[in-house]
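These notes are about the structure you will find just below.
Values quoted throughout were computed directly from the atomic coordinates according to the rules given, and no laboratory measurement underlies them. Keep in mind the model is a prediction, meaning the values are calculated, not measured. Here the Cβ positions follow ideal geometry from the backbone for every residue, glycine too, while neighbour counts run over all protein chains shown.
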Amino acid sequence: MHAPAATHPPEWIVAEGRTPYGPALAAMQAHIAAIREGAARERIWLVEHEPTYTAGTSARAEDLREARFPVFEAGRGGQWTYHGPGQRTAYVMLDLQRRHGSVPPRDIRAYVHGLEEWLIRALDRFNVRAERREGRIGLWVANRATGREDKIAAIGVRVTRWVTWHGVALNVDPDLTHFGGIVPCGISEHGVTSLHALGIPATMEEADAALMAAWPEVFG
């Protein structure tokens, strides 16, 4: 028997200005504890960080090439990631003991697949074809100029007692040179890109609208 779906959809919160990374971690931890206790709703929290490098649990010290910006141990899965202005980070806090649309209860792999599908559908609204790649975390687009594939969105999650935190990061218009201080996700043979680098002058508000519209198609 499947667990019941959540009785209320997650609340969406868009943070104003820039959110420091350390306080964001503390806020997520407090909120997922409240979700576990039944004292808070599930939440998708949309933030924009100051330039920051974050290390996942699999991060290798040698992949931090140059500590240009503050460095944090994130506690999520994965390796090195950059966060900064022009990038929309979506922190997803769900109780995985319940079904969420196409994602069954207590299935972390299906949850990650759902996050990928959410981003694919959001980017499709900008006529960007983002794809999964075996053995590579995140979403990838073809770079016709270089003949390689570049990452347009990163995924890094943690699940604590079946409540999710961390989430996804979509490159809208970040300074792509900032990624040069790390080996993003441990992958050196591919680059990074953004909506603006692809010639799509989307605003952060338009990116948010695409994420919100695509959400119920996967998790509704």
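Quick one: among PRO23, PRO105, PRO51, which has the greatest mean-square fluctuation in a GNM of the chain with alpha-carbon springs under 10 angstrom? Result for the chain, Cα springs under 10 Å: PRO23 fluctuates most.
Taking amide H positions as modeled 1.01 Å from N, with prolines and chain starts lacking one, the residues under 5 Å from GLU42 and 5 or more places away or on another chain are GLU11. The H on the amide N of VAL163, modeled in the peptide plane, is under 5 Å from the matching H of LEU96, each at least 5 residues off or on a different chain.
Among rounded, prolate and oblate, which fits the range 37-172 when a ≥ b ≥ c are the square roots of the eigenvalues of its C-alpha gyration tensor, a/c under 1.5 means rounded, and a/b larger than b/c means prolate? Please list the in-between numbers first.
Values: a/c = 1.72, a/b = 1.21, b/c = 1.42.
It is oblate, given that a/c is not under 1.5 and a/b is not larger than b/c.
GNM, the chain, Cα, under 10 Å: largest mean-square fluctuation among THR203, THR177, THR57? It is THR177.
Considering only DSSP states other than H, G, I, E and B, which trypsin sites (Lys or Arg not before Pro) in the range 125-220 qualify as loop sites with at most 15 other Cβ atoms within 10 Å? In loop regions of the range 125-220 (DSSP not H, G, I, E or B), the sparsely surrounded trypsin sites (Lys or Arg not before Pro) are ARG125, ARG129, ARG144, ARG161. The residues GLU48, GLU66, when put in order of fewest to most other Cβ atoms within 10 Å, stand as GLU66, GLU48. By DSSP, the beta bridges lying fully in the chain are antiparallel in about 75 percent of cases. Applying 1/(1 + (r/R0)^6) with r as the Cβ-Cβ distance of ALA33 and ASN127 and R0 = 41 angstrom yields a FRET efficiency of 0.50. The phi-based Karplus calculation (6.51 cos²θ - 1.76 cosθ + 1.60; θ = phi - 60°) puts the 3J(HN,Hα) values of the range 153-167 at 8, 10, 10, x, 10, 9, 10, 10, 6, 6, 10, 8, 8, 6, x Hz, whole numbers, x for Gly and Pro. Take the Cα of SER58, step 7 Å toward its Cβ, do the same at THR160, and the gap between the two points is 2.2 nm.
Spacing of the modelled spin labels on ALA67 and GLU11, each 7 Å from Cα toward Cβ, amounts to 3.7 nm. Ordering ASN143, PRO70, LEU25 by Cα displacement along the dipole of the chain toward the positive end leaves LEU25 in first place; charges were set at the Cβ atoms of Lys, Arg (+1) and Asp, Glu (-1). Ordering PHE219, PHE179 by the number of other Cβ atoms within 10 Å of each residue's own Cβ, fewest first, gives PHE179, PHE219.
For the range 161-217, the list of GluC sites (Glu not before Pro) that fall in a loop by DSSP and count at most 16 other C-beta atoms within 10 angstrom reads GLU189. Annotation for SER102 and ASP175: the two label points, set 7 Å from Cα along the Cα-Cβ direction, are 3.8 nm apart.
Less than 5 angstrom separates the built amide H of VAL14 from those of LEU46, all sequence-distant by 5 or more or on a different chain.
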